[in-house]
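Enquirer: A single structure is presented below for examination.
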Amino acid sequence: MPCLGDIEASGLAPESYPIEIAWSLPSGEIRSCLIQIHPSWGDYWDPVAEAMHHISRERLRAEGLPAAEVAEQLNRVLAGEKVYFDGGGYDQHWLGRLFQVAGMKPSFNFRDFDSLLALAGVRNTSRQEAAAARAYQDIGDLPRHRAANDVKFLQRWYIRARGGMRY
């Protein structure tokens, strides 16, 4: 199983920053963590984004891990892996902000989820859409816009797009 990732953020503006990250391992196991707001990120907060992911600043203060700890954990468990994110430039921007404040570089390779589908031979848009619809059915009522749930969705989408059985 390819490694997949998802990031939730304080909003979509250029000054937004990561607040939650999830990733899967080659075994299919999914891990996630909340990220404390780093002082250098400022105080940008989009209430519309919060309404989608339901993660408050107070919860990040109470339960979030320091950015450096999150970056270290990612580097330790994903070293040398290709990790496929579906958020394109947004996820790449937020990952960059995380590693910048941690003073590190990722030990893994950021990739776009669409490129994974292409590698799997799924270039037909209608086939991708059908696979995504079936993946939504697979995950049932799991709330969207939570990083671990979104990674689970990506796993199902990938498997469905390849014509495979449920994971």
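Enquirer: From Val77, Val70, grab the single residue that is open to solvent by less than 50 Å² (accessible area, probe 1.4 Å), under 16 Å from the mean Cα position of the chain (by Cα) and under 20 Å from Gln155 (Cβ atoms).
Expert: Val77
Enquirer: Just for helices (runs of 4 or more DSSP H) wholly inside the range 89-161: which have at least 1 residues that are at pLDDT 90 or above and open to solvent by less than 50 Å² (accessible area, probe 1.4 Å)?
Expert: By residue number, 113-119, 147-161.
The values are calculated or read from the model by the stated rules, or taken from the named source; none is laboratory data. The shown structure was predicted, so the numbers you read here are calculated from the model rather than taken from an experiment. Please note: Cβ atoms are built from the backbone with ideal geometry, for glycine as well, and neighbour counts cover all protein chains shown. Note: areas computed on protein heavy atoms with side chains; ligands, DNA, RNA excluded. Shrake-Rupley method; radii C 1.70, N 1.55, O 1.52, S 1.80 Å.
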